[in-house]
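Peer 1: Okay, handing you the structure first.
The values are calculated or read from the model by the stated rules, or taken from the named source; none is laboratory data. In this text, all values refer to a predicted model and were calculated from it rather than measured experimentally. Ideal geometry is used to build each Cβ from the backbone, glycine not excepted, and the neighbour counts take in all protein chains shown.
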Amino acid sequence: MNQIGEMKWEAKEDYAGPMPDPLDLGLGSTGKLVTVCIAWPMRGYPRYNFDEFYRAETALLAMGFNPIDPARIDEEQGFDPDDAQQIILPSMVEEFVWRDIELIIQADGLCLLPGWGSECRCHGRVLARALA
């Protein structure tokens, strides 16, 4: 596992390339930009933790990584983290989880935000079932 400031990230087990080093600006040995998905937590945080996702995205971009930011995708699809009246149905949460699993599968690595363990147990079970 590598650490970038407060953020931790690791390559997925099935990643065939070398573990990227932040010092080589996000480029693997092939010179290909390494895609990193930013993950967890969102629920129970002010503004659904979007500000932390954006900080991670900015830091990863500055190091030359290609970040996948679920918070940015949510906002582009019309989700407003400032709308306290917004109703989030269980079916919507399930959609977000499955979408995020797809994003993780597509990435070369995973950037886990501080506090990720609080949501990860549940999502980890869903991810394990999806990959089985």
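Peer 1: Filter the range 103-115 down to residues that are outside any helix (DSSP H, G or I) and not aliphatic (A, V, I, L, M) and give me whichever is surrounded by the fewest Cβ atoms within 10 Å (Cβ to Cβ).
Peer 2: Pro114
Peer 1: A follow-up question, please. Right, Gly78: at pLDDT below 85 and either farther than 16 Å from Gly44 by Cβ or of a type outside the set (A, V, I, L, M, F, W, C) (or both) or not?
Peer 2: The answer is no for Gly78.
Peer 1: Suppose the filter is farther than 14 Å from Cys111 by Cβ, modelled with pLDDT of 85 or more, part of a helix (DSSP H, G or I) and not polar (S, T, N, Q); does Phe50 pass it?
Peer 2: Working: farther than 14 Å from Cys111 by Cβ: yes; modelled with pLDDT of 85 or more: yes; part of a helix (DSSP H, G or I): yes; not polar (S, T, N, Q): yes.
Judged against the criteria, Phe50 is a match.
Peer 1: Which of the residues spanning the range 54-102 are of a type in the set (Asp, Glu) and surrounded by fewer than 16 Cβ atoms within 10 Å (Cβ to Cβ)?
Peer 2: Within the range 54-102, the first condition is being of a type in the set (Asp, Glu), and the residues that meet it are 57, 69, 74-76, 80, 82-83, 94-95, 100, 102.
Selection gives Glu76, Asp80, Asp82, Asp83, Glu94, Glu95, Glu102.
Peer 1: Turning to a different aspect of this structure: Checking Leu27 against (1) modelled with pLDDT of 85 or more; (2) aliphatic (A, V, I, L, M); (3) in contact with a strand residue (DSSP E or B) (Cβ under 8 Å, 6 or more places away or on another chain): exactly one of these is not met. Which one?
Peer 2: The one condition Leu27 does not meet is (1).
Peer 1: Give me the pairs: first residue in the range 66-83 and more than 18 Å from Val36 (Cβ to Cβ), second residue loosely packed, with under 13 Cβ neighbours inside 10 Å, beta-carbon distance under 8 Å, and six or more apart or on different chains, which are they?
Peer 2: Phe79/Gln86; Asp80/Gln86
Peer 1: Further question: Kindly provide the set of residues from the range 72-111 that are among the aliphatic types (A, V, I, L, M) and in contact with an Asp or Glu (Cβ under 8 Å, 6 or more places away or on another chain), ordered by number. Don't jump to the end; show me each part of the working.
Peer 2: Quick first cut of the range 72-111, residues among the aliphatic types (A, V, I, L, M) only: 73, 84, 87-89, 92-93, 97, 101, 103-105, 107, 110.
Across the range 72-111, the qualifying residue is only Leu110.
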